[in-house]
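Engineer: Handing you this structure, nothing more for now.
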Amino acid sequence: MRHLSTFNAVIVVGFLVGSLSSCAPTITTSYDLKPVSGDVAMIDGRPVTKAEQNGVGVVASFEREDMEFITLDIEVKNRTDHPIQVNPADFHFVGLGAAQDTLPDPNNTGLALTRTAADPAYEAGRVKLKRKQEEQRLKRAKIFNTVLMVAAIASDVSSSGSSRSYREFANNRAGHYLAYQGIAVKRAIDHSTFADRMQRYDYEDYRWRELALKANTLAPGESVRGFVFMPKVAKATYLAMTYELPEQQTTVPILFKQAFITQTKRNRR
């Protein structure tokens, strides 16, 4: 049997590489938090805890991982005889190690690793800014693409009338063809990136406006529920979360244990 031609060999190698990559397993790692303090109970298949201080009750459970945040399902109950102010930015946590020792902040080792929950009102405002920045980025890309196209056309016109050999003519046509194709690909990528980012910003806007716990006033006997979004801290084994009401001089503590779930998914050919 004769040796395969270079072209056929490239096809065979490409086929083998594609086959191997399609069979390669995909490994994903996700956050998993479980409450380990307060009155913990299993509700709908997941651990939920509740804690109370000075008539302020907090019911908390881990909901899911959401981009750069971990999402907690939180309900705040007012069991006092007076109104209280509820603000998701009043949720904080300190990152702890395996021995529940306080971890240093990687940005400043002289300070404890502390984080504050996202403020939905502030984050919703940032989404508007992100959209404007993305629209400006696309406009700049369109201008640059136009400049590239004009330059390619000018080069094509100026070189098409020059006398040359057939090989030079063919190389010239091939080069300009690649230039036109490259500009078309860049334009498609620019628009695809724009669409993907705007879709993400639409979700972020929905997240902050519809899902997140809102700042409001709770009358006695009332409760409010929503998602609280805490920044991810991968190095922590425990998250010592607190809900603080400065005007009430009240702090409600809840301790979560953090772990990671690794899943291996084998792609099927």
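The values are calculated or read from the model by the stated rules, or taken from the named source; none is laboratory data. The shown structure was predicted, so the numbers you read here are calculated from the model rather than taken from an experiment. A quick note on method: Cβ atoms are made from the backbone with ideal geometry, for glycine too, and the neighbour counts reach across all protein chains shown. The area values use the complete protein model at the heavy-atom level, side chains included, leaving out ligands, DNA and RNA. Shrake-Rupley method; radii C 1.70, N 1.55, O 1.52, S 1.80 Å.
Engineer: Return yes or no: is S162 over 30 Å from the mean Cα position of the chain (by Cα) and modelled with pLDDT under 90?
Structural biologist: Criteria met by S162.
Yes/no matrix, rows are residues, columns are (1) of a type outside the set (A, V, I, L, M, F, W, C); (2) touching an Asp or Glu at 6+ places or on another chain (Cβ under 7 Å):
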site: L178; (1), (2): no, no
site: Q181; (1), (2): yes, no
site: A184; (1), (2): no, no
site: F194; (1), (2): no, yes
site: D202; (1), (2): yes, no
site: E244; (1), (2): yes, yes
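Engineer: Can we say I183 is of a type in the set (A, V, I, L, M) and open to solvent by less than 50 Å² (accessible area, probe 1.4 Å)?
Structural biologist: It is true that I183 is of a type in the set (A, V, I, L, M) and open to solvent by less than 50 Å² (accessible area, probe 1.4 Å).
Engineer: Another one. Need pairs with beta-carbon distance below 6 Å; first residue more than 14 Å from A215 (Cβ to Cβ) and touching a residue at least 24 places away in the same chain (Cβ under 8 Å) and within segment 238-250, second assigned to a loop (DSSP other than H, G, I, E, B) and among the polar types (S, T, N, Q); sequence gap 6+ or separate chains.
Structural biologist: The qualifying pairs are Y238/Q100; T250/N54.
Engineer: Let me ask something else about it. Inspect all residues belonging to segment 188-207 and state whether any of them is more than 25 Å from the chain's Cα centre (by Cα) and buried (at least 16 other Cβ atoms within 10 Å of the Cβ).
Structural biologist: no
Engineer: Output the residues belonging to segment 206-233 that are out of contact with any Phe, Trp or Tyr (no Cβ under 7 Å at 6 or more places or on another chain) and either without any contact (Cβ under 8 Å) to a residue 24 or more places away in the chain or assigned to a strand (DSSP E or B) (or both).
Structural biologist: Within segment 206-233, Y206, E210, N216, T217, L218, S223, V224, R225, G226, F227 meet the criteria.
Engineer: Shifting gears a bit: Residues that are buried (at least 17 other Cβ atoms within 10 Å of the Cβ), at least 2 per element: which strands (runs of 3 or more DSSP E) completely within segment 38-155 meet that?
Structural biologist: Result: 46-53, 56-66, 69-78, 84-86, 91-96.
Engineer: Another question, if that's okay. Based on what the data block shows, is R225 at pLDDT 90 or above and either exposed (fewer than 11 other Cβ atoms within 10 Å of the Cβ) or in the same structural domain as L33 (by the TED database) (or both)?
Structural biologist: The answer is yes for R225.
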